[in-house]
Each structure stands twice: as C-alpha cells, then as structure tokens.
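Beneath this line is the structure, given in structure tokens, with notes to follow.
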Amino acid sequence: MPCYNEAATVKVVVDRVLESPYVQELLIVDDGSTDGTVDIVRSIRDPRVRVFIQPINLGKGAALRRGFREASAPYVIVQDADLEYDPSEYREILAPLLDGVADVVYGSRFLGGRPHRVLYYWHSVGNGLLTTLSNMFTNLNLTDMETCYKAFRREVIQDVQLHEDRFGFEPEITAKLSRKDLRIYEVGISYAGRTYAEGKKIGWRDGVRAFYGIVRYSGLGERLARRPRHLSDDEPAPFDDADVALADVLDSLQDADNYADWIFDLVEPHLGQRVLEVGAGQGELTERLCGGGRHVVATDLSARCVTALRDRFAGNDAVTVEQVDLVPDGRDGEFDSIVLVNVLEHIPHDEEALARLVPKLRPGGRLLLFVPAFESLYSEFDFRIGHRRRYRKSELTTQVDRAGLRVVETRYINVLGALAWWLFARQMNQVPTQRWSSRLYDRIGVPLTRRFESARAVRFGQSLLCIAEKD
C-alpha cells in the first residue's frame, strides 16, 4: 500500500484490508507524507502490518518497488490508500492465481457489471487511449492497463526490474510482463473514484508520462535506451586509463567558471567550517570551498591530481591535501560536511563507500553528493573516464537513506546539459567536454539553465544533487 498524504482515508482502508481473510501481511510504504499519515499508520497495532517510510517524496512507483522488495507472502496485490478500490473484492482478483491458471491478474474497471461512480468523461477517454496504445505495443488485449488493482505471484513481481518512480509504473510493468512467458488475466472490479476536491492526485502530466512509458518500455524503446551493446557487459576503463582521460576533461573545464560557481552555490549553504572534499581533482571546486574561513581537507586517489593540488595550494593553510582511497584514516566526527562532485559513480561499491563516509561527519554534519544522472545517457565517453553507472533520483536517495543519513533534498540539475549530453555523447559519440564546447556552454548554456531551474523543479537533468544529514 503506497500512500502519500492520505490521512483522511488511510485508517479506513487499512481496516478494510485487514478484514480480508486473504491478507497475510500488509506493507505500507509512506512516500514522504506531511499531513499526519505517518503517525496514523505507525499507530496501527496489528502484527500483519509493516510500515516503511521513504526519506522524501519519491513517487508511487518508487514506493511500490520498496514494497515489492520487502514482500514475503506468496501473492502480492497493489492497494491504494484511498477509497477508490474495494478490498472486499480480493477473492475475485486472487481466484485465477489460487486456481493456478494465472501468474498476473489485472482488476479492470471496465469489465463486468459492478458499480462505478460516474465522474470525468475525459479521464475515461484518456484511460481508453492509453490502454489501446499500450496494447498496440505489447500485443495484449487488456481493457484497463492503468488500474491500481494488479495481483502477482510474488516471485513474478520480484523478478521484474522496475525504474519508473511515479505513475509511469503502470505502462512499465505492463510492457515488461508482456515480454515474459506469463499467463495474464483480467477480472471485473467496482470503482468508487474520487474528485480532485476529495484528494485525487493524478493529473495530465501523469498521462503524458504514461504515454512516454508506453513507448520507452516497448521493445524498441528498451533497445534505444540501454547502453551501447559493446559497453553493456564490460567494466569501465581501468583507473590509470581513466585518469589520463580525466586529465584532458579537467583541463578543458578549467575555464568553466560559471559551471563551477553554480555547483559551489548549490552546496555552499550546507558546508560549515570543516570540509572534506573527496576526489578533489585539480582543485577548481577546492578553490571556492576554502573561502569564508573554511578549512578543506582535499583528497584524491590519483597521484597526478594530488601533485596538482599540492602545487596549487602550496602555502595555503586553509587546504590540506592527502592522497587516500576515499577517506583519511581516523578523524571520525571531524567534518561539518563531506563533498563528492562527480566521484561516487567511479567507485565500484558505492553503498559501501557511503557507509565509510558517515562516521567522518559530526552529528548534524552533511553529505553533499553531485553525480551524473540517467543510465539512458551512458555513453562511450562515460566508459572512457571510468563511470560505472549513472543514477536515478530514487536510486541515489535510497542508497543514502540505507547508509543511515537523513535525506534533506535530492533533485535533478542541468536539464539543458542532459539534452546536450544525449545528443553529442550518446547519439553522436563525441567528447562533450571539448574546450570549445565547454566554453560555449559555460558562457551561454549555464546562465540560461541556472536561471530557468532557479524558478522550478525539473524532472530530469544531466546531474543529481543529494543533500543528507547525520543525526
């Protein structure tokens, strides 16, 4: 049961779910509610109920992934935390699974003679269009692809790798199930839809995302989005080779002052006075971090970078340079902040690395991560400079949360840069950091993008910024 700001209905829905004789466990995943939902679900005293709290609002799809991962019962049903779907109908939904004739069951609002609340005409038209389009790509004959009520054998849903964080879950799961040798059934269900005044959350943007998901997770979309075939199973370039390639990148970015200023301005409010910078490179960001009376311990694994750092900051008492693998020995609880800019993606075991960083922070200290975003942008250039991965918002947030930190914010940065990277690096196989292109983008693209993103949150970007705090 994913829920977000459902204080008005969640207790009633939970009671109805627990009344069903088919319920072995109820996994409630709160998705960053701010209206008291968390207090309500935590107050439920039933051994079948387990509550999981997402660190921030990540979306229905991200909450469902969490629940699917934690499930242990033989069958899994998705139940929204509102009153639109009736838990008394579990018997009908589970029947094909229990009879052994189905692996997946969709509860269709458009089959059978069960009651339906009369609501928005254009919503029904949109549902029909999306279902038809989905069927065209999947070659299924569903009547209600967008339904909440989906039931699975547990091993089936836990075997599907899912990515969509919001309502794009519906077309994604449908497309991926269609490519497996599975028996999919539909049964008719009732539907008591809500109005927007009553708390309905889905909007036209989610319809656009569903349309994108239908195309994106089709066979053609998957082929276009995955890494180039020759990079898919290989390790990225060895450290020494990647270090040589990175030297050229860092040289070409030395004049990108607007870009460096942008990154610094994003992290500056969270720095404090004692800063550990991991993977300091040639010191472009270090130069900015050590202002304002701060002391910076700048580390790097590359001997070339450490030499450059020591030359650059010779005689500067505000900077200490060390050549270490990730973190210096000792110094637990010393730092107000730890900064990693375009570093985590190079580390083989990133979750272990995050766990090693946490003890170095003082209570209340902050971890500031800046990483490349979206695996669909992974290119030959990423491979050459040693990138092992690119991140999604929900993926990075979950990893930081598992490390024991409280996530303050995670957001995409540099939407125009993502488009440029997709064109030049991914599609044209060009080096996106050539000196001429870096200067052009820094002088024109960065100011425009920064102004645009200062007024709104964006749904994608070239990079991700994550800010997390140690309790």
From the list Val358, Val327, which one is in contact (Cβ under 8 Å) with a residue 60 or more places away in the chain, open to solvent by less than 30 Å² (accessible area, probe 1.4 Å), among the hydrophobic types (A, V, I, L, M, F, W, C) and outside any strand (DSSP E or B)? Val358
How many residues of segment 135-163 are within 18 Å of Tyr22 (Cα to Cα) and hydroxyl-bearing (Ser, Thr, Tyr)? The answer is 1
Failed criterion for Trp204 (all others in (1) closer than 28 Å to Ala71 by Cα; (2) loosely packed, with under 13 Cβ neighbours inside 10 Å; (3) within 23 Å of the chain's Cα centre (by Cα) hold): (1)
How many residues are in contact (Cβ under 8 Å) with a residue 40 or more places away in the chain and either among the aromatic types (Phe, Trp, Tyr) or in a helix (DSSP H, G or I) (or both) if we restrict to segment 233-247? 7
Those residues that are of a type in the set (Gly, Ala, Ser) and either farther than 30 Å from Gln399 by Cβ or within 22 Å of the chain's Cα centre (by Cα) (or both), I need them from segment 432-454; list them, please. Ser437, Ser454
So, of the residues in segment 180-194 that are open to solvent by less than 50 Å² (accessible area, probe 1.4 Å) and among the charged types (D, E, K, R), which turns out to be modelled with the lowest pLDDT? Arg194
For segment 301-316, give me each residue that is modelled with pLDDT of 95 or more and of a type in the set (D, E, K, R). Arg310, Asp311, Arg312
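Of all strands (runs of 3 or more DSSP E) completely enclosed by segment 1-110, which ones contain at least 1 residues that are open to solvent by 20 Å² or more (accessible area, probe 1.4 Å), without any contact (Cβ under 8 Å) to a residue 60 or more places away in the chain and among the aromatic types (Phe, Trp, Tyr)? Spell out the reasoning first.
Details: elements: 26-30, 49-53, 75-77, 104-108.
It comes to 49-53.
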If you scan segment 112-167, which residues turn out to be open to solvent by less than 20 Å² (accessible area, probe 1.4 Å), over 14 Å from Ala210 (Cβ atoms) and of a type outside the set (Val, Ile, Thr)? Tyr149, Lys150, Ala151, Phe152, Leu162
So which pairs qualify, if the first residue must be in segment 335-349 and among the aliphatic types (A, V, I, L, M), the second must be open to solvent by 20 Å² or more (accessible area, probe 1.4 Å) and not in a helix (DSSP H, G or I), the Cβ gap must be under 8 Å, and the two must be at least 6 apart or on different chains? Ile338/Arg366; Leu340/Gly279; Val341/Gly279; Val343/Gly279; Ile347/Arg388
Can you give me the number of residues within segment 296-315 that are open to solvent by less than 40 Å² (accessible area, probe 1.4 Å), outside any loop (DSSP other than H, G, I, E, B) and not polar (S, T, N, Q)? 8
Tell me which of these Leu266 doesn't satisfy, since it passes every other one: (1) surrounded by 13 or more Cβ atoms within 10 Å (Cβ to Cβ); (2) without any contact (Cβ under 8 Å) to a residue 40 or more places away in the chain; (3) on the phi < 0 side of the Ramachandran plot. (2)
Pro238: surrounded by fewer than 16 Cβ atoms within 10 Å (Cβ to Cβ) and within 30 Å of Ala457 (Cβ to Cβ), yes or no? no
Looking at (1) in a strand (DSSP E or B); (2) of a type in the set (D, E, K, R); (3) out of contact with any Gly (no Cβ under 9 Å at 6 or more places or on another chain); (4) closer than 21 Å to Tyr259 by Cβ, which one does Glu322 not meet, given that it meets all the others? (4)
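Please verify whether Leu177 is of a type in the set (A, V, I, L, M), open to solvent by less than 20 Å² (accessible area, probe 1.4 Å) and closer than 17 Å to Ala62 by Cα, treating the condition exactly as stated. Steps first, answer last, please.
Values: of a type in the set (A, V, I, L, M): yes; open to solvent by less than 20 Å² (accessible area, probe 1.4 Å): yes; closer than 17 Å to Ala62 by Cα: no.
No, not satisfied.
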Can you name the condition, by its number, that Glu277 falls short on among (1) of a type outside the set (A, V, I, L, M, F, W, C); (2) at pLDDT 95 or above; (3) surrounded by fewer than 20 Cβ atoms within 10 Å (Cβ to Cβ)? (3)
Give the residue, chosen from Arg439, Arg384, Arg389, Arg426, that is under 28 Å from Ser302 (Cβ atoms), of a type in the set (D, E, K, R) and in contact with a Ser or Thr (Cβ under 8 Å, 6 or more places away or on another chain). Arg426
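The values are calculated or read from the model by the stated rules, or taken from the named source; none is laboratory data. These numbers were taken from a predicted model, which means no experiment stands behind them. Cβ sites come from the backbone with ideal geometry, for glycine too, and all protein chains shown count toward neighbours. To get the accessible areas, we keep the full protein, side chains included, count just its heavy atoms, and leave off ligands, DNA and RNA. Shrake-Rupley method; radii C 1.70, N 1.55, O 1.52, S 1.80 Å.
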